[in-house]
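Here the structure is laid out as structure tokens; the discussion comes afterwards.
The values are calculated or read from the model by the stated rules, or taken from the named source; none is laboratory data. What you see is a predicted model, and the numbers here were worked out from it, not measured in a lab. Backbone-built Cβ (ideal geometry, glycine too); neighbour counts: all protein chains shown. Side chains included, ligands, DNA and RNA excluded: accessible areas come from the protein's heavy atoms. Shrake-Rupley method; radii C 1.70, N 1.55, O 1.52, S 1.80 Å.
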Amino acid sequence: MATLIHTLADHSDDVNYCAFSSSCLATCSLDKTIRVYSLSNFTELPYSPLEGHAYAVHCCCFSPSGRVLASCSTDGTTALWDTRDGRRLAVLEQPGASPVRVCRFSPEATYLLAGAADGSVVLWNVQSLKLYRSGKVKGGSLMACAFSPNGNFFVTGSSSGDLTIWDDKMRCLYNEKAHDLGVTCCDISSHPVSDSENGFKYFQMASCGQDNHIKLWLILFADFLGVQLKYKCTLNGHSAPVLACAFSCDGQMIVSGSVDKCVIIYETSTGNALHTLSQHTRYVTTCAFAPHGPLLATGSMDKTVQIWQLDLKQPCAGQCTVENESKVAVKDWSEDDVSAWLCAQDLADFVGHFKMNNIDGKGLLNLTKESLANELKIESLGQRSKVLQKIEELRMTMISVSVPDEFLCPITRELMNDPVIATDGYSYEREAMENWISSRRSSPMTNLPLHSLMLTPNRTLKMAISRWLETQQK
């Protein structure tokens, strides 16, 4: 069952895209803005909306850590924003200045991919903010992209109907005519599936297009075998072009949005339609599942974003984490609970490492890159980074669920370490507020002018936070 729990109606024009992090929802629009909302209560963050693009914003996406938000626009640029305070970190200009239609971070946040209307594909180095590689699709605009789970390959979809597989050196490895009238969106599930013919691990990919179809594919990414793409099936149900598709966090469901104004949720294994949602009054342009919890966001040309709560019999991988936390605090998890969490996060290969070191919930939360290398003997830097990223997501989920709201900075929505009182009477994290007032003299909470930029330490609040943290460690 899917229940509409909230409608966001802040954009003044078509909603083009929406994207989740572990704690926020970002939306972008033809009105040139990006808006960012807290998942705890769906209120807009103080620094939102983000303004700076000269024309329509077509796509937005969070980095894996959620600390950076990327947005791309008809103005031919991709912008990077700090999600803690809304500062614009960089403006990346597409070669040729063509309108940028889609952007996506690689899973390890090494690259940011930007695709444009002239067919150009650019990989930006996220650390240096320099162009790393560029290429071009044949005979159409680039409309869609998705990275492989390991980040070494990516897929693009074009208005000519082609799906193209590339490696991170921008070499074109495979091309498939997938949708006669053009590809509009594609997504790759992060959970592998086994192919009974040869035992190799394939990943599921979904693509949709102007031909009214959603197609499921099995895709193999392997350096020693090359890439392989196998057609699996077509999902029917829409009566008009399908503009968006996305997998749930465990790959067991696919959601799609269409010109027919409907949203359909399918069961991946059977292709059966589980839910049809028809509350939007114009074309549905975007849809996304939350990575941690049973939430779905859908956006439309009716200028709204609708938030849906899914009542699932079998929770997805990220949802398992949230449900376990609500019943048993993570610090109280047993070794078996930790093993179950690892499996749910697609980290089953490390269960033996954790069990040999008797890692329970408290031990899990205290792990560092040093202990992963020296004690658990996880040799690969990339694998250690992946484990640490999942642990950080778990910590962030715990904070967003259990921290008293008065302990969270209104700007960053993170637990305050050095709270200060501003002249508007509200308390903020010192660094966040100092960054805020360095570029403006208004209150983040009221938007009224600040009569003084003086910040006073809030020692009472700091003591209360310290006492609360002590109770969480017991």
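Please verify whether the stretch 346-364 includes one or more residues that are on the phi > 0 side of the Ramachandran plot, modelled with pLDDT of 80 or more, open to solvent by 40 Å² or more (accessible area, probe 1.4 Å) and not in a helix (DSSP H, G or I). Yes: the stretch 346-364 contains one or more residues that are on the phi > 0 side of the Ramachandran plot, modelled with pLDDT of 80 or more, open to solvent by 40 Å² or more (accessible area, probe 1.4 Å) and not in a helix (DSSP H, G or I). Hey, any hits in the stretch 102-112 for a residue that's buried (at least 17 other Cβ atoms within 10 Å of the Cβ), at pLDDT 95 or above, of a type outside the set (Val, Ile, Thr) and within 30 Å of Phe407 (Cα to Cα)? Taking every residue of the stretch 102-112 in turn, none turns out to be buried (at least 17 other Cβ atoms within 10 Å of the Cβ), at pLDDT 95 or above, of a type outside the set (Val, Ile, Thr) and within 30 Å of Phe407 (Cα to Cα). Taken over the stretch 232-254, residues that are buried (at least 22 other Cβ atoms within 10 Å of the Cβ) and free of Cβ contacts under 8 Å to residues at least 24 places away in the same chain amount to 0.
Go through the residues of the stretch 427-447 one by one and say whether even a single one is part of a loop (DSSP other than H, G, I, E, B), small (Gly, Ala, Ser), outside the structural domain of Tyr47 (by the TED database) and surrounded by 13 or more Cβ atoms within 10 Å (Cβ to Cβ). Checked against the condition, which is being part of a loop (DSSP other than H, G, I, E, B), small (Gly, Ala, Ser), outside the structural domain of Tyr47 (by the TED database) and surrounded by 13 or more Cβ atoms within 10 Å (Cβ to Cβ), the stretch 427-447 yields at least one hit.
Listed by position, the strands (runs of 3 or more DSSP E) contained in the stretch 255-305 that have at least 2 residues being modelled with pLDDT of 95 or more and crowded, with 22+ Cβ neighbours inside 10 Å are 263-267, 284-289, 295-300. His179 passes every criterion in (1) over 30 Å from Ser385 (Cβ atoms); (2) touching a Gly at 6+ places or on another chain (Cβ under 8 Å); (3) surrounded by fewer than 20 Cβ atoms within 10 Å (Cβ to Cβ) apart from (3). Looking across the stretch 451-474 at every residue that is at pLDDT 90 or above and in a loop (DSSP other than H, G, I, E, B), the one that is surrounded by the fewest Cβ atoms within 10 Å (Cβ to Cβ) is identified as Ser452. The residues in the stretch 76-108 that are closer than 28 Å to Pro46 by Cβ and touching a strand residue (DSSP E or B) at 6+ places or on another chain (Cβ under 8 Å) can be counted, and the count is 18. The condition (being of a type outside the set (Val, Ile, Thr) and farther than 27 Å from Ser438 by Cβ) is satisfied by just one residue among Gly86, Gly76: Gly76.
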